[in-house]
Amino acid sequence: MLYLGCHLSSSKGFLQMGKTALSIGANTFQFFTRNPRGSRAKQMDPEDALALRELMQNNGFSAIVAHAPYTLNACSSTPETREFAEQTMADDLRRLEALPGTLYNFHPGSHTGQGMEEGIRLIADQLNRILTPEQHTTVLLETMAGKGTEVGGRFEELRAILDRVELRDHLGVCLDTCHVHDAGYDIVNDLDGVLREFDRVIGLSRLRALHLNDSKNPLGSHKDRHEKIGEGFLGLDTFARIVRHPQLRGLPLCLETPNELPGYAAEIALLRGLE
Ligand code: FE
Ligand code: FE
Ligand code: ZN
């Protein structure tokens, strides 16, 4: 099954996101748990969450992806920033229990000069404080472009975080195609090789979702600027290989390309046509 969707605005609630997804041919989607720039949490209406669960069940959706605010930094050198990330993620995980089985994706963080090892330690320590044995959400570390002091540009860095987390059964990885390419993994010429490397270092069973984005920049640029599907350095053939790849089958694939809804609908149709 090909599960395709895109990033949607959560301003009108859960059921509305499900309806919007259906209207653009999607059978999964991603949303921000709260305003990415601000800290205020959205109201979590249990009836609205239940209505979405029903819509998803009736329409064969895969798991959906809740994205943490990208401003959170679990490994900042500033204690207040780390504390804010911890409180926000803990609160998000509590609220996501209304949608059991959801994937909660976050950017591991930027070590802001403390060094990669210290960054990895701070991220893992934070996860060890907020994950609970009874939670129904899988927390995903997103592969990053390796911009600045970002943690997660190398598969080894994500593996090192996983190794330090006790409840790692509740952890997975979300592979962002723009990010891994910008980080230097050549999915254009050697998708199989990159997946082999992912499997060797992290284990493919940890791969729970993908972000489908083309890139405005060449391989290894460490930039992280998303482009529309087929209009960047990845190109349409790369996405054709991804949607056809047997090892990626059944995973939710979410677009985060620079588009409004009609553009997303067109990209979803384009990708379905490539399968
Ligand atoms: Fe992200
Ligand atoms: Fe992403
Ligand atoms: Zn990005």
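Give the order of HIS7, HIS111 when sorted by the count of other beta carbons within 10 angstrom, beginning with the fewest.
HIS7, HIS111
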Would you mind computing, in nm to one decimal, how far apart the modelled labels at GLU156 and HIS136 are, each placed 7 Å from Cα along Cα→Cβ?
4.0 nm
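For region 67-152, calculate the relative contact order in percent as a whole number, restricting contacts to Cα pairs under 8 Å that are 6 or more residues apart.
Value for region 67-152: 36 percent.
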Measuring from label point to label point, each 7 Å out along Cα→Cβ, what is the ASP163 to ARG249 span in nm?
3.3 nm
Just subtract the alpha-carbon distance of ASN189 and GLU80 from 0.36 nm times their residue separation and send over the number in nm, one decimal.
35.0 nm
Relative exposure of ILE187, ILE161, judged by other C-beta atoms within 10 Å (fewest first)
ILE187, ILE161
Estimated distance in nm for a label pair at SER11 and ASP125, the labels positioned 7 Å out from Cα along Cα-to-Cβ
3.9 nm
Options HIS179, ILE242, ASN213, ranked by Cα towards positive dipole end of region 176-275, top entry (Cβ charges):
ILE242
Taking neighbour counts of Cβ atoms within 10 Å as a proxy for exposure, in what order, fewest first, do THR28, THR78, THR112 appear?
THR78, THR112, THR28
Loop-only check: which GluC sites (Glu not before Pro) in region 43-129 are DSSP coil with at most 16 other Cβ within 10 angstrom?
GLU97
Backbone HN-Hα couplings from phi across region 10-17 [Karplus 6.51/-1.76/1.60, Hz, Gly and Pro as x]:
9, 5, 9, x, 5, 4, 4, 5
Calculated FRET value between GLU118 and ALA41, using beta carbons and R₀ = 35 Å, to 0.05:
0.75
Gain in length, ARG272 to THR71, computed as 0.36 nm per residue apart minus the alpha-carbon separation, to one decimal in nm?
69.1 nm
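Computed from the coordinates by the stated procedures, all read-outs in this text should not be read as laboratory data. Here the structure is a predicted model, which means the values were calculated and not measured. Cβ sites come from the backbone with ideal geometry, for glycine too, and all protein chains shown count toward neighbours.
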